[in-house]
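See below for the structure under consideration.
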């Protein structure tokens with residue numbers, strides 16, 4: 001589906017982004033000698049993302065609902081982080097600021113809505129990508145989460161994965177959804193963390209991945225996540 005040059009370009013586009021009870025989930029992470037308090041004590045949880053396209057919900061040209069099953073076994077921190085963002089209402093009225101056909105749709109920057117903002121929903125032992133033991137020495141806007149990219153989950157169609165910078169452990173709130181008309185974004189495996197599966201509405205991701213965009217891959221007609229809920 002991609003020629004070699006296009007693959008390299010798309011890979012670079014994603015990597016330079018600026019983000020803004022399962023058993024053992026409360027054990028210490030060796031990299032930071034730290035443990036977190038999970039919001040959800042289970043293997044999987046389900047969330048729904050409600051989107052519209054247009055200048056406002058009242059004047060939307062289309063509305064969509066996408067349901068995602070988060071994997072708390074393979075990616076406990078990423079799944080917990082998303083649940084806590086949703087519980088806090090952080091994603092409500094945020095935008096999908098970057099869309100690339102045959103690749104992904106990206107959102108989650110609840111600060112600036114342009115890919116330059118966002119941070120972790122809780123303290124997960126990382127400050128700006130660096131392991132840190134003292135939360136008080138890190139501003140909340142610098143909170144990030146540890147990578148869980150080597151969890152066996154691949155960038156196949158209809159998955160959710162974490163956006164971050166080219167540096168390790170820099171995910172915060174931004175994520176991307178992969179449409180159903182691709183085969184395998186293999187070059188992202190082991191780099192970005194897949195942390196869930198789209199169980200309903202993946203066809204909507206594909207539809208949105210094909211919208212017209214401006215320079216910078218920003219959709220001409222806004223794509224807005226107007227509410228996110230935990231099912």
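Cut-off is 10 Å between beta-carbons; in what order do 82, 39 appear when sorted fewest neighbours first?
Details: 82 28, 39 18.
Ordered from fewest to most neighbouring Cβ atoms within 10 Å, 82, 39 come out as 39, 82.
Quick one: 185, 78, 192, fewest Cβ neighbours within 10 Å first, how do they rank? Walk me through the intermediate numbers first.
Values: 185 26, 78 29, 192 21.
If I rank by nearby Cβ atoms, fewest first, I get 192, 185, 78.
For region 54-131 and region 35-52, what is the centre-to-centre distance using only Cα atoms, to the nearest Å?
So the separation of the two Cα centres works out to 12 Å.
Using a 7 Å offset from Cα along Cα-Cβ at residue 141, what residues in region 98-112 end up with backbone N under 16 Å from the label point?
So the set is 109-112.
Please rank 96, 52, fewest neighbouring Cβ atoms within 10 Å first, as an exposure proxy. Numbers along the way, then the final one.
On the way: 96 27, 52 20.
Ascending number of Cβ neighbours within 10 Å: 52, 96.
How much space per residue, in cubic angstrom, does the convex hull of the C-alpha atoms of region 114-198 take up? All intermediate terms of the calculation are to be shown ahead of the outcome.
Numbers: hull volume 8.1 nm³, N = 85.
Convex hull volume per residue, Cα atoms: 95 Å³.
Please compute, for the alpha-carbon atoms of the chain, the extent along each of the three principal axes and give them in descending order in Å.
47, 42, 31
Here, each number is a calculation from the coordinates, and none is a lab measurement. For clarity, every value in this text was computed on a predicted model and none was experimentally measured. As a convention, Cβ positions derive from the backbone with ideal geometry for all residues, glycine included, and neighbour counts pool all protein chains shown.
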